[in-house]
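Reviewing the structure listed below.
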Amino acid sequence: MTHDSNLYLGIIVLLILASAVFLIFRRKPGHRKSVQNDYITGLHFLLWGDQDRALEKFRDVVRRDTDYIDAYVLIGNIFREKGAYENAVKVHRDLLIRPNLAVEQQKNILMNLAQDYYKNQQLKWALSTCDKIIELDKKDDWAKEFKLTIYEAMGDWQGAFEILRKHSRMEKSEKIVRLAACKVEQGLQLTALKQEHEARLCFREAIKWNGKCFPAFMELINSYIRDKRDADALKELDGLVQVLPEYADVALSHFEHTLFEMGKFEVIEKAYRQIIIDHPQMIHAYLGLAEIYEKKGEFRQAVELCNTALQQPGVHDRVKLMLIRLDTKLERFEQAARRAILLADEASARKYVFVCRECGVQQNSYFMHCPACSAWNSVEKR
């Protein structure tokens, strides 16, 4: 072939290549616009709750443009929402292999991958994925908060505690309640392992964080009782009554049988008397003290206490039932019968009552602010 022929052939090849490049670049904007339109349509389907049609659109997008990372992410998310967790993991994990991903793209993919693992109960993988996000951005709050969720799901209460203490930005009052709760949960795990001393350390730490952590006080007392350290149990019970008088009746009712077995009538009596002085509207305290008098055979003192309770605000069905029982024991049968008839008439006339979830006080009418313990929005209709 001559030099002129080679030159001619070269020119032809260059023209073909130039034409091909021209056609590609001329068609690409239109092609790109079409892909983008399909992606937007898929987003609309997602907003309308039509995941199947959204998935179809996003699949069309990635078939025509394999670099459309956002579409792949959404495909994985739809799989997760549908419960196809393994598919979601595969889609998001495979994206991380791609070179030249921007940091924000990596974080977005990892965030969704962590959620995939969490939903698939692969909690350790979810944790390590959150750690990768933090490696990319040490200030990433989402990863730290999600680690808290994962630790709680794992029952790793020490891990949850550390995340809360070091990283959580939740409001302070809520944070101290959660920190105390983590320590209570950790203590309960140790209790199950028969490690009472270590459990009590956790309950005490919970009280240090939240001085009014009722469950921590209760579990601390329970632990001492299990170890037959009655004096320590009584000391902690007295502390609970002083710190949380509004919950004292609940605690005393819970431990009443144990205290009776220990022969500590005077402890219960003293505690109920103090509650009545500090919170005269707390009906449960009157009932508790009246029951002690009844068990001691001091029926008239019990009746007197019940009559005092009737003067307090609220519904007094339990008090009236006790009075019926006491009248019977005192052989005042006619009075007991009258009380029973009156109580039955009242009950039939009253279709329902409103009860405070916090302290148990009852009212005939709805209330927003409990008249007994001052709790807000604690009312239940019964």
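The values are calculated or read from the model by the stated rules, or taken from the named source; none is laboratory data. Only a predicted model underlies this, so the values are computations on that prediction, with no experimental measurement involved. Cβ coordinates were reconstructed from backbone atoms using ideal geometry, including for glycine residues, and neighbour counts include every protein chain displayed.
Which ranges mark the helices (runs of 4 or more DSSP H) fully within segment 203-263 that have 1 or more residues being in contact with a Phe, Trp or Tyr (Cβ under 7 Å, 6 or more places away or on another chain) and within 30 Å of residue 164 (Cα to Cα)?
Values: elements: 214-226, 230-243, 248-261.
Those helices (runs of 4 or more DSSP H) span 214-226, 230-243.
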Number of positions in segment 266-288 that are in a helix (DSSP H, G or I), within 32 Å of the chain's Cα centre (by Cα) and closer than 23 Å to residue 324 by Cβ: 3
Residue pairs meeting the criteria (Cβ under 8 Å; at least 6 apart or on separate chains; first touching a residue at least 24 places away in the same chain (Cβ under 8 Å), in segment 309-327; second aromatic (Phe, Trp, Tyr) and buried (at least 21 other Cβ atoms within 10 Å of the Cβ)): 309/286; 312/286; 319/286
Every residue from segment 328-359 that is part of a helix (DSSP H, G or I), surrounded by 13 or more Cβ atoms within 10 Å (Cβ to Cβ) and modelled with pLDDT of 90 or more: 328, 329, 335, 337, 338
Residue tally, condition farther than 18 Å from residue 219 by Cβ and surrounded by fewer than 21 Cβ atoms within 10 Å (Cβ to Cβ), over segment 149-162: 7
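Out of all the residues in segment 316-330, is one or more among the hydrophobic types (A, V, I, L, M, F, W, C), touching a Cys at 6+ places or on another chain (Cβ under 8 Å) and not assigned by TED's automatic domain parsing to the domain that holds residue 269? Break it down into steps so the answer makes sense when it comes.
Keep residues of segment 316-330 that are among the hydrophobic types (A, V, I, L, M, F, W, C), which gives 319, 321-324, 326, 330.
Now drop any that are not touching a Cys at 6+ places or on another chain (Cβ under 8 Å), which leaves 319, 322-323, 326.
Imposing the further condition that a residue be not assigned by TED's automatic domain parsing to the domain that holds residue 269 reduces the set to none.
Checked against the condition, which is being among the hydrophobic types (A, V, I, L, M, F, W, C), touching a Cys at 6+ places or on another chain (Cβ under 8 Å) and not assigned by TED's automatic domain parsing to the domain that holds residue 269, segment 316-330 yields no hits at all.
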